[in-house]
Amino acid sequence: MNYRDLSPETLMMGYGYNPELSEGAIKCPIFQTSTFVFKTAEEGKAFFEVAYGLRTKRPDEKTGLIYSRLNNPDMEILEERLKLWDGAEACAAFASGMSAIATVLLEFLKPGDLLLHSAPLYGGTHHLIHHFLAGYGINIMSFTADQTADEIEEMLIDSGQHTRLRMILMETPANPTNDIIDIERMAELAKRFSTPENKVYLAVDNTYMGPLWQHPLKHGADLVIYSATKYIGGHSDVIAGAVVGSEELIHRVKVLRTFLGNMISPHSGWLLMRSLETLKVRMEQQALNAEEVAAFLHHHPKVTRVHYPLYLHETDPEQYHIFKKQCSSSGAMVSFDIAGGEKEAFMFLNNLKLIKLAVSLGSTESLAEHPATMTHVDIPEEDRLQMKVTPSLVRISVGIENYKDIIWDIEQALQKVKVPELHGAL
Ligand SMILES: *Cc1c(COP(=O)(O)O)cnc(C)c1O
C-alpha cells in the first residue's frame, strides 16, 4: 500500500505537512504572516513566473510562498487534505461558503449566459443570483426536484435559451426538505447542451451532505462547493468555504480568488485542519443520532410529517432510489411538520431546553430553526409552500450529544405544544 491509498480519515492528521519545515512542531502552526521573504531576487522572479502563469512549473520545482493572498501554508495544506474526501485533483479554500459560490459563478458566467439552478437554494445563493447576477445580464432559470430530467430538458428547449446555457448549479438534498435530485441525470443534461466551444459545467453545493456522505464528482459533476462553516468546521466557531474539482477548473477559480482577495485566512485554515481530524467520527455520530431522532418523530402524534431521506421509500420510491444511488447516509438534518402552524412551531422552539434555537447546521451541538420565517424568509410565500416549506415546518441539525438527551428535549418541548384539534375539542 502506498501513502496515497490511505483513507482520508487516516491522512487528516498529517498529510501535506512536513514538521522539519516548522521546528519539528507536530501540528502545522498558524502562519500568521502577510508576506514571505525570498532568499534571492532570482528566487522571487521564479516564484512570480509560476504564480502568474508566465511559464509552467519544472517537474522538480516547488511553488514558492509569495504573499498570503496568493498562498499560505495553512491554506495550501488544508486544500491538500480537503480534496481527498471527494477524490478530487484540486481544491480552493475561501473565507466563506458564499465567497466560494460567488467566485465560481463569476468565473464561469458572462453577461448573456444562462444559469440553470435547482430550487430551493440556500437563501444567500438565491439572493446573489436573483438580486446581483440578474442585474449583470445573466439569464436565470430554475427547476425543482419534482421535475424529471426530460421535463427540464423540454423546459430549456421551449424557452429558446438552451444555446446560452453555461452552468447548472444544484443542491441535493434540498434544504430544508431533503428532496433529492439525480446528479448523474443532471450531468447528462449538462453534456447534452455542451458544444466543443462551450462546455456546460455542473456545480453541486454539497454542504448538506458534507464531504463524507455524497461525492458528486463521482456522479459526473465538474465542481463541488462547500460551506466549510457547516460539517467541515463542525464546531460553530468559523466561517469558511471550499470548492473542489479538476486541476484545470480549480486553477481558474484560484486565479479569480487572487484578484477578489476572498481566500481563507491562516487562522481559519488552521481551525479547519483541526476540525478535519475528527470529521468522520463527528459526522458518523451525528448520523446515528439523527436516525434515532427521526424514528422518534416518525411515530409522534403531534408530528404530521418527517422529512428524512430514509423514509422516502414510504412516500416516493423513485426519490428513494436516487438517494440510495448517490448518498451513503441519510445525514444529520431532520425536518418535520408539527400539527398546527407557526404558533405551534414557535411553541416547540421556545420550549427547547438543550437544543439551541439558531440557524446553521452540521455542528457538534444540536440546533433548531423555523425555515419559513428564518432561513427561507426571502422566498415568496407561494413558492415556499410549493417547496413544502410550511409555517409548521421545523428544521433540526442533530449534534453529537447523547441521542437520548436530544430526544428527551424534543419530547418535553412537544408536550408543551397545544395541538389545535385537541384544544378545540375541549
Ligand atoms: C451555509 C450555507 C452556505 C453559505 O455558506 P457561508 O459559509 O455561511 O458563507 C451555502 N450553501 C449552503 C447549502 C449552506 O448551508
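The values are calculated or read from the model by the stated rules, or taken from the named source; none is laboratory data. Please read all numbers here as calculations on a predicted model, not as lab measurements. Heads up, the Cβs are rebuilt from the backbone with ideal geometry, glycines too, and the neighbour counts pull from every protein chain shown. Accessible surface is based on the protein model in full, side chains and every heavy atom, while ligands, DNA and RNA are left aside. Shrake-Rupley method; radii C 1.70, N 1.55, O 1.52, S 1.80 Å.
For this structure, a couple of remarks:
- Condition check for Phe346: closer than 23 Å to Ser363 by Cα, of a type in the set (Phe, Trp, Tyr) and either open to solvent by 10 Å² or more (accessible area, probe 1.4 Å) or not assigned by TED's automatic domain parsing to the domain that holds Ala290 (or both): yes
- Going through (1) in contact with a Pro (Cβ under 6 Å, 6 or more places away or on another chain); (2) within 16 Å of the ligand (Cβ to nearest atom) one by one, Tyr122 falls short only on (1).
- Residues that are of a type in the set (Lys, Arg) and over 13 Å from Ser366 (Cβ atoms) within the range 280-301 comprise just one, Lys280.
- Failed criterion for Glu20 (all others in (1) at pLDDT 95 or above; (2) surrounded by 12 or more Cβ atoms within 10 Å (Cβ to Cβ); (3) outside any loop (DSSP other than H, G, I, E, B); (4) outside the structural domain of His130 (by TED's automatic domain parsing) hold): (2)
- Extreme residue, modelled with the highest pLDDT, among residues of the range 110-129 that are open to solvent by 10 Å² or more (accessible area, probe 1.4 Å) and touching a strand residue (DSSP E or B) at 6+ places or on another chain (Cβ under 6 Å): Asp113
- From Ala134, Ala92, Ala145, Ala102, residue being within 16 Å of the ligand (Cβ to nearest atom) and in a helix (DSSP H, G or I): Ala102
- Of the criteria (1) more than 26 Å from Gln386 (Cα to Cα); (2) within 16 Å of the ligand (Cβ to nearest atom), which one Arg164 fails: (2)
- Residue match in the range 153-173 (condition: within 21 Å of the chain's Cα centre (by Cα) and over 15 Å from Ala203 (Cα atoms)): no
- Verdict on Ala88 being in contact (Cβ under 8 Å) with a residue 12 or more places away in the chain and closer than 15 Å to Val244 by Cβ: yes
- All positions within the range 217-248 that are within 13 Å of the ligand (Cβ to nearest atom) and open to solvent by less than 10 Å² (accessible area, probe 1.4 Å): Val224, Ile225, Tyr226, Ala228, Tyr231, Ile232, Gly233, Gly234, Ala240, Gly241, Ala242, Val243
- Flag for Val255 being within 11 Å of the chain's Cα centre (by Cα), β-branched (Val, Ile, Thr) and outside any loop (DSSP other than H, G, I, E, B): no
- Subset of the range 400-423 [open to solvent by less than 60 Å² (accessible area, probe 1.4 Å), out of contact with any Lys or Arg (no Cβ under 9 Å at 6 or more places or on another chain) and in a loop (DSSP other than H, G, I, E, B)]: Glu401
- Checking each residue in the range 218-239 for being farther than 18 Å from Arg166 by Cα, touching a strand residue (DSSP E or B) at 6+ places or on another chain (Cβ under 7 Å) and of a type outside the set (Ser, Thr, Tyr) picks out Ala228, Ile232.
- Hits in the range 95-116 - residues which are more than 18 Å from Ala221 (Cβ to Cβ) and either among the acidic types (Asp, Glu) or within 13 Å of the chain's Cα centre (by Cα) (or both): Ser96, Met98, Ser99, Asp113
- Selection count, the range 249-286, where residues are under 26 Å from Leu105 (Cα atoms), of a type in the set (D, E, K, R) and open to solvent by 10 Å² or more (accessible area, probe 1.4 Å): 2
- Considering the range 176-201, and only residues there that are buried (at least 20 other Cβ atoms within 10 Å of the Cβ) and among the charged types (D, E, K, R), the residue that is modelled with the lowest pLDDT turns out to be Asp179.
- Screening Trp85 with (1) of a type in the set (Phe, Trp, Tyr); (2) buried (at least 22 other Cβ atoms within 10 Å of the Cβ); (3) at pLDDT below 95 gives one miss only, at (3).
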